[in-house]
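Here, each number is a calculation from the coordinates, and none is a lab measurement. Every value quoted in this text rests on a predicted model; they were computed, and no experiment measured them. Neighbour counts run over all protein chains shown; Cβ positions are idealised from the backbone, glycine included.
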Amino acid sequence: MGTEKWFEKKFFKTPQDEPPLPQFECCLCTDDCDGYGHNPYPLVDEEGARCCDDCNAEEVIPARLTGVMSFNEFLNRDSSEVAAL
Ligand SMILES: [Zn+2]
């Protein structure tokens, strides 16, 4: 009955299989963090810049949402002006 063992090996990684997490300094709050971080764009537009989970959730995502909304507003205004012509 090797099926169960094969299944475990294939789908459940043991902790030893995980590579050690890299470390980075959050470019927004300058905390030292484990892991890969998040792309802080559009708040920081630098190659290799990373931000932590907290800053991503509290700063970067709202900034992106605001950017998307502004862009949509711009598009809507633009299309209505075109329609008025
Ligand atoms: Zn941070």
In nm, what is the difference between 0.36 nm times the number of residues separating Ala57 and Phe74 and their Cα-Cα distance? 3.6 nm
Diffing segment 45-53: the Karplus 3J(HN,Hα) column from phi (6.51, -1.76, 1.60, θ = phi - 60°), in whole Hz with x for Gly and Pro, holds 10, 10, 5, x, 6, 10, 10, 7, 4
Give me the one-decimal nm value for the distance between modelled label points at Cys29 and Asp17, 7 Å along each residue's Cα-to-Cβ direction. 3.2
Sorting Tyr41, Tyr36 on the 10 Å Cβ count, fewest up front, what's the list? Tyr36, Tyr41
What does the charge count near Gln23 come to, summing +1 for each Lys or Arg and -1 for each Asp or Glu among other residues with Cβ under 11 Å from its Cβ? -3
Taking other Cβ within 10 Å of each residue's Cβ, how do Arg64, Arg50, Arg77 sort, fewest first? Arg77, Arg64, Arg50
With charges only on Cβ, +1 for K and R and -1 for D and E, what is the dipole size of segment 17-84 about its Cα centre, in debye, rounded to 20? 440
